[in-house]
Amino acid sequence: MAFHTVHHHQSFSSNDCMDVLLPTVFPDSKTACKFSSVRIKCALLRVRFLPNQTSETIANFCRESFIKLGLDVKKCIAFGGDNTNTNFGGCLCISTNNVYSKFKESMNESIEGVGCPAHIPYNAAHTVANVLSADAEVIVAKLFSYFGIYTVRSEKLKDFCEFVSVQYASILSHSKTHWLSLMRAVERILRLFK
């Protein structure tokens, strides 16, 4: 759902009405009637300030939260978190004083550490982009600020696209969640200026 929201350059707030819309449009569908996207997944574990942020404290808090919610800790198959030493103990995950190793000890020995699946591709692309002579994020922001907010300029771009036989599409800006929207904005620019 998040991908399509960014793909169509919409606000994440537009997803809030889907819970009401889908059961109304598809009243006979059990799936549509049970659909839920109003930030429920993000609120599964209640976030609170911990007295310290050691791996032991974080792992215990997560395990206790699972138990309070009636979830079987032995059925937890993966741990995803930011790729910090506290969470994984470095890139090789070999130390024993991190959240991942504490989960293996106290919850499920076969649990897999997946890092942060959303940030890994973005960070890899960002690192690769550092060798380029131009910053893609700056180019996207400058093109959007030049064409995206001024009607006169966007009309000139439409005329230019018509002149060179390229289908016009408005210039996209990237959202605060860069790793979700930057690629779409760059693809649009490349399609327009091929």
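The values are calculated or read from the model by the stated rules, or taken from the named source; none is laboratory data. Owing to the predicted nature of the structure, the values given are computational and were not obtained by experimental measurement. Don't worry about glycine lacking a Cβ; one is built from the backbone with ideal geometry, like all the others, and counts go over all protein chains shown.
Just to be sure, is I120 surrounded by 13 or more Cβ atoms within 10 Å (Cβ to Cβ), of a type in the set (V, I, T) and more than 19 Å from K194 (Cβ to Cβ)? Outline the logic, then answer.
On the way: surrounded by 13 or more Cβ atoms within 10 Å (Cβ to Cβ): yes; of a type in the set (V, I, T): yes; more than 19 Å from K194 (Cβ to Cβ): yes.
Considered against the rule, which asks whether it is surrounded by 13 or more Cβ atoms within 10 Å (Cβ to Cβ), of a type in the set (V, I, T) and more than 19 Å from K194 (Cβ to Cβ), I120 comes out as yes.
Residue-wise test of (1) in a helix (DSSP H, G or I); (2) within 25 Å of D82 (Cβ to Cβ); (3) in contact (Cβ under 8 Å) with a residue 12 or more places away in the chain.
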site	(1), (2), (3)
V128	yes, yes, no
F160	yes, no, no
R184	yes, yes, yes
R188	yes, no, yes
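Which of the numbered conditions does T86 fail, given that it passes all the others? Conditions: (1) exposed (fewer than 11 other Cβ atoms within 10 Å of the Cβ); (2) modelled with pLDDT under 80; (3) of a type in the set (S, T, Y).
(1)
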